[in-house]
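The structure under discussion appears below in the form of structure tokens.
The values are calculated or read from the model by the stated rules, or taken from the named source; none is laboratory data. What you see is a predicted model; the values in this text were computed from it and never measured. Note that each Cβ is placed from the backbone with ideal geometry, even for glycine, and that neighbours are counted across all protein chains shown.
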Amino acid sequence: MTSLNPAHWMNVARWLALYPPDAAIKHLPRHLGELLEADRTWVFRYDAGLNGFVRTHKWVRDGCRPTLEDFQEVTVDALRGLREVLQCGRPVHFPDANRFSGGTPELRRRIIRNGIRAAIAVPIFVNEQLAGILGQDTERDTREWDEEARATLKTTAEIIGGLFARESPPGGAPAQEPAPLRFALYVVQGDGVVLLPQEQILHISSFRNHSCLHTVDGRKLDGLRSLSEWENLLPPGGFTRVHRSHIVNIDRIARLDRAGGDWRLWLAGGATPLPVGRPHRFKMQKLLLPGPRHAMREDAANAAPSSPAMTPFFLRPME
């Protein structure tokens, strides 16, 4: 259990890049629950006046009782003491529910009734204002969330606050339209993690179960995944499989050639062409040709002269 778990933050980065805010938040409770070995993880979002909750997300471990609906009905007065602590930026952490004395009798009764043995809650802020709560609890035993676990929850709450800020405020005017997000990978290399934006990825190649990420500046990074896994991870609008051993960044495609029946794809910044597998050829034509098939011949006729050994039918200026 560590707040620096690379796989956890790689998945968080993936959700932030691929999904709208609310959908990205929905992925977090399960992942946090399994990572930090809790029985339940939940996200509450306050309404604009902090008088109640307007949206919740939850994850419940198999075999455990769902409790979220019961706590949604807790009165504002019953939560006021906890809310004041959260507004100060401090977590609410009780390792043993039997010794919990930070709330009202109503709140304590609900905790006992639902079999909660221990719990923690951290505040979610938007523009320095309390906007929600991220929390976990367990019914199997008492426990204390250690420093690294609390750091993981705190950082995740900050991320959720950023997602809340991109949405319309509860009961308020629509939020300003955010700038389009660009996909990025967090690639584990040795004992560290390398941030790799989408525009820096040239292509991904594989040999058996080993993969290699090729960057526009000539680096080669260990992929540690099969190409099938990369296909599920990468955004489909930005990357495509062109061969059983190659996935390419669509934005980096420069030219597609065929000579003697062999189809080859040139990438901007790439030193050598990549083969195009037969099952992927029709897809490549649809992807690269803006018009009907006869436009392919016109593009080839108007293209810059190429080697006699190659017959280009699509040409884009190399960067």
**Report entry** Condition met for LEU213 (touching a residue at least 12 places away in the same chain (Cβ under 8 Å) and closer than 20 Å to LEU287 by Cα)
**Finding:** no
Report summary line: Within region 88-111, residues modelled with pLDDT of 85 or more and outside any strand (DSSP E or B) come out as CYS88, GLY89, ARG90, PRO91, PRO95, ASP96
Query raised in the report: Can you name the residue in region 112-132 that is crowded, with 16+ Cβ neighbours inside 10 Å and out of contact with any Gly (no Cβ under 8 Å at 6 or more places or on another chain) and, of all such residues, is modelled with the lowest pLDDT?
Result: ASN114
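Yes/no per residue for (1) among the charged types (D, E, K, R); (2) at pLDDT 90 or above; (3) touching a helix residue (DSSP H, G or I) at 6+ places or on another chain (Cβ under 7 Å):
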position	(1), (2), (3)
HIS214	no, yes, no
LEU221	no, no, no
ARG225	yes, no, no
ASN232	no, no, no
HIS246	no, yes, no
ALA254	no, no, no
ARG258	yes, no, no
ALA268	no, no, yes
Report summary line: Selection from region 16-49 of residues out of contact with any helix residue (DSSP H, G or I) (no Cβ under 7 Å at 6 or more places or on another chain) and of a type in the set (A, V, I, L, M, F, W, C) yields ALA17, LEU18, ALA23, ALA38, PHE44, ALA48
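Let's see how each residue does on (1) touching a residue at least 60 places away in the same chain (Cβ under 8 Å); (2) surrounded by 14 or more Cβ atoms within 10 Å (Cβ to Cβ); (3) not basic (Lys, Arg):
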| position | (1), (2), (3) |
| --- | --- |
| PHE207 | no, no, yes |
| LYS220 | no, no, no |
| THR240 | no, yes, yes |
| ARG264 | no, yes, no |
| PRO279 | no, no, yes |
Query raised in the report: Has region 69-76 got at least one residue that is modelled with pLDDT of 85 or more and either of a type in the set (Lys, Arg) or surrounded by 19 or more Cβ atoms within 10 Å (Cβ to Cβ) (or both)?
Result: no
Query - Lone unmet requirement of (1) surrounded by 13 or more Cβ atoms within 10 Å (Cβ to Cβ); (2) modelled with pLDDT of 80 or more; (3) in a loop (DSSP other than H, G, I, E, B) for VAL85 - result: (3)
Report summary line: Contact list, first residue from region 192-204 and farther than 17 Å from GLY238 by Cα, second anywhere and outside any strand (DSSP E or B), beta-carbon distance below 7 Å, six or more apart or interchain, is VAL193/PRO6
